[in-house]
Every structure is written in structure tokens, then in C-alpha cells.
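Have a look at the structure below, then the notes.
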Amino acid sequence: MAFPVQRPRRLRSTESIRRLVRETQLSPSQFVLPLFVCPGEGVRKEIGSMPGNAQLSVDHLIREAEECKRLGLGGVIIFGIPEEKDEEASGAYAADGITQRAVRALKQNVPGLLVITDVCNCEYTSHGHCGVIKKGDVDNDATLEWLARTAVSHAQAGADIVAPSDMMDGRVAAIRCALDAAGYANMPILSYAAKYASVFYGPFREAAESAPQFGDRRSYQMDPANAREAVREIALDLDEGADMIMVKPAMPYLDIIREARVQFDVPIGAYQVSGEFSMVMAAAEKGWLDLDRTILESLTAIRRAGADFTLTYFAKRAAHLLR
């Protein structure tokens with residue numbers, strides 16, 4: 001019996017051939033680095049569960065951002081840790097809030113670097129939930145005013161993109177109306193449209209000091225068992241004026257990224273969250289995984305599923321690996 005004419009291994013035989021025919025390409029411009037900014041000066045407070053990541057005062061944030069620009073990253077996303085928290089999340093929308101100060105500093109000192117801001121309340125509330133608490137639960141509609149005010153304050157500070165992550169119903173429409181009324185009709189909205197109530201956020205809550213003081217967030221973040229609901233959530237946010245959407249987490253939800261890519265012709269982001277990062281780092285530290293290969297394989301999988309860009313704590317290291 002004659003051997004098959006088709007031999008797929010011919011196109012895998014050398015690295016140069018594999019590189020030539022590679023279907024999915026990675027570039028540093030596809031990566032967005034999450035950064036945590038805190039009050040003070042000269043502060044770099046390491047995050048125990050996220051090796052290599054830290055809460056940074058604005059001066060250190062600028063240095064980190066300068067490196068991101070040199071590496072050609074797609075941008076950074078800012079999470080603020082205020083000096084004080086209260087029940088009104090007042091630090092989220094204050095003109096001199098920590099995120100607003102950080103954005104102004106970045107735009108002044110690192111021109112040309114794309115700056116995205118996370119629009120949420122959990123870092124700023126004393127109870128750690130994402131909105132106004134009434135009768136032991138988050139009041140959806142009352143929270144929309146906070147979110148709209150926060151988005152406008154970020155735009156006024158100079159943010160390039162605002163990214164609401166709270167999962168309140170109607171938040172995109174509220175933010176879009178507020179931005180337009182304030183003269184920011186061209187401000188893009190990147191909606192965390194499919195954000196799941198995931199266990200993989202654990203290390204982030206240490207980093208952002210945002211763990212709920214009671215209950216959890218399952219009444220507003222999505223049930224991990226639901227896929228069709230994600231399509232509905234994305235469609236609703238796009239109808240309300242979102243320009244881009246995000247799926248969060250990334251690796252455990254590659255099917256959601258793929259379905260979003262099939263259903264919607266808009267830019268799609270994915271967030272490789274803190275738990276994904278910390279698991280890889282822990283396994284690599286034990287010698288169970290090759291860190292660099294795992295980083296590139298995981299980011300390739302997210303890109304292959306359909307994400308146009310990825311928020312990842314591996315952004316800088318991945319950029320170095322791709323040089």
C-alpha cells in the first residue's frame with residue numbers, strides 16, 4: 001500500500017517553516033498591562049499572591065508605564081486603591097481621586113501610551129461591593145449614577161478608553177449618555193460585557209484591596225455555567241453604545257471568546273486574570289511548567305479563540321519573549 005501523499009509533518013520540520021505557516025501571530029501591541037496605583041511617593045508594595053506585581057505610587061507608575069511604551073505594549077489599564085474608602089465610593093469619581101491623578105500624570109509624562117481606566121466601585125467602597133447597598137444587596141439603578149460620574153471624571157483626566165467592569169444592567173447606556181452630555185462623544189467604551197463570578201479573581205482582591213465584606217458578587221456577575229447568557233449580555237451592551245467588549249476570565253472561557261467572535265464584528269478583549277497568572281507562576285516555581293512557553297501558549301490560545309487584545313500580567317515578559 002502506497003504511503004499517503006499528504007504529510008502534514010513536512011510543515012513542522014523546522015522552526016523557520018513553522019514560523020512561516022503559523023496561523024496565529026502574537027504581538028506586544030495586543031497586550032494591555034493592568035497596573036495598581038496607590039497614594040504616596042516612592043511606594044512599591046509587592047503583592048504576595050502575584051509575584052512581580054505591586055501597588056505603585058504615581059512616581060513608580062510612571063516608570064512602569066515608560067517601560068510599557070518602550071516595549072510597544074498596546075497600553076495599560078489602571079486600577080486605583082484610594083487612601084480611604086466609604087459607603088459612597090466617593091474616591092471613584094472625585095476629581096482628585098487616585099485614578100484621576102494617575103491618568104493625568106501618565107498623559108503628561110508618557111505621551112502616546114494608551115491609558116484605559118477601570119470604571120467600578122469595589123476598590124472604593126468600605127463594604128467592597130460594586131455599588132449602592134440597599135437591604136443587603138447592590139441597588140442596580142442607584143449605582144448607575146456613580147458609574148457615569150466616574151467615567152466622566154476619567155475622561156476629564158485624559159483617559160483614552162473607559163472600561164466599566166461592574167456588571168450593572170444599563171451601565172453602558174448611562175455612561176454613554178453622561179460622556180456625550182459632558183462633551184466626550186468620541187470617548188470609546190470597552191465593556192466588561194461577559195464578566196463571570198469566578199474563583200480566579202482571588203489574587204486581584206488582595207492587589208486591589210477589594211474583597212466584599214459580606215456575601216459575594218454572584219447576584220450581578222455572571223454564572224460560570226451560562227454561555228448563551230454571555231451572548232445576550234454582549235448584545236445588550238453593544239445596543240447601549242459599547243464600542244468594544246471583553247470576556248473575563250480568559251482561559252477558562254475560551255468558548256465564550258470564540259462564540260463572541262462568531263456572533264459580533266467588534267473588537268474583543270479578554271482578561272487573563274490574576275488567578276490564571278498566579279497558577280502559572282506557582283507551577284513554574286515548582287518546576288512543573290516551563291514559564292516562558294506557558295506564557296506564549298496561553299496567550300496564543302486566547303488569540304486563537306478570537307480575542308483581538310489581551311489584558312495580562314504577563315504583558316511585559318511576553319513582549320520580551322517576542323523580540
Selection within segment 294-309 - in contact (Cβ under 8 Å) with a residue 60 or more places away in the chain, open to solvent by 10 Å² or more (accessible area, probe 1.4 Å) and outside any loop (DSSP other than H, G, I, E, B): 296, 300, 303, 304, 309
Some residue of segment 106-121 being farther than 24 Å from residue 310 by Cβ and modelled with pLDDT under 95: yes
Selection within segment 135-171 - of a type in the set (Lys, Arg) and on the phi < 0 side of the Ramachandran plot: 149, 171
Complete set of residues in segment 154-173 that are surrounded by 24 or more Cβ atoms within 10 Å (Cβ to Cβ) and not in a loop (DSSP other than H, G, I, E, B): 154, 162, 163, 164, 171, 172
Cβ-Cβ under 9 Å pairs, at least 6 apart or on other chains, segment 250-266 side more than 19 Å from residue 299 (Cα to Cα) and open to solvent by 60 Å² or more (accessible area, probe 1.4 Å), far side at pLDDT 95 or above and in a helix (DSSP H, G or I): 263/231; 263/234; 263/235
Candidate set from segment 221-235 (those that are assigned to a helix (DSSP H, G or I) and in contact (Cβ under 8 Å) with a residue 12 or more places away in the chain); member that is surrounded by the fewest Cβ atoms within 10 Å (Cβ to Cβ): 235
Residue list for segment 6-46, restricted to those being assigned to a loop (DSSP other than H, G, I, E, B) and in contact with a strand residue (DSSP E or B) (Cβ under 6 Å, 6 or more places away or on another chain): 38
Which numbered condition residue 218 fails, given (1) farther than 25 Å from residue 51 by Cα; (2) basic (Lys, Arg); (3) within 18 Å of the chain's Cα centre (by Cα): (3)
Residue check, residue 208 within 19 Å of residue 123 (Cα to Cα), among the small types (Gly, Ala, Ser) and open to solvent by less than 10 Å² (accessible area, probe 1.4 Å): yes
Filter result (assigned to a helix (DSSP H, G or I) and open to solvent by 30 Å² or more (accessible area, probe 1.4 Å)) within segment 310-323: 316, 317, 320, 321
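The values are calculated or read from the model by the stated rules, or taken from the named source; none is laboratory data. If you're wondering where the values come from, they're calculated on a predicted model, not measured in any experiment. Positions of Cβ are generated from backbone atoms using ideal geometry, with glycine treated the same way; all protein chains shown enter the neighbour counts. Accessible surface is based on the protein model in full, side chains and every heavy atom, while ligands, DNA and RNA are left aside. Shrake-Rupley method; radii C 1.70, N 1.55, O 1.52, S 1.80 Å.
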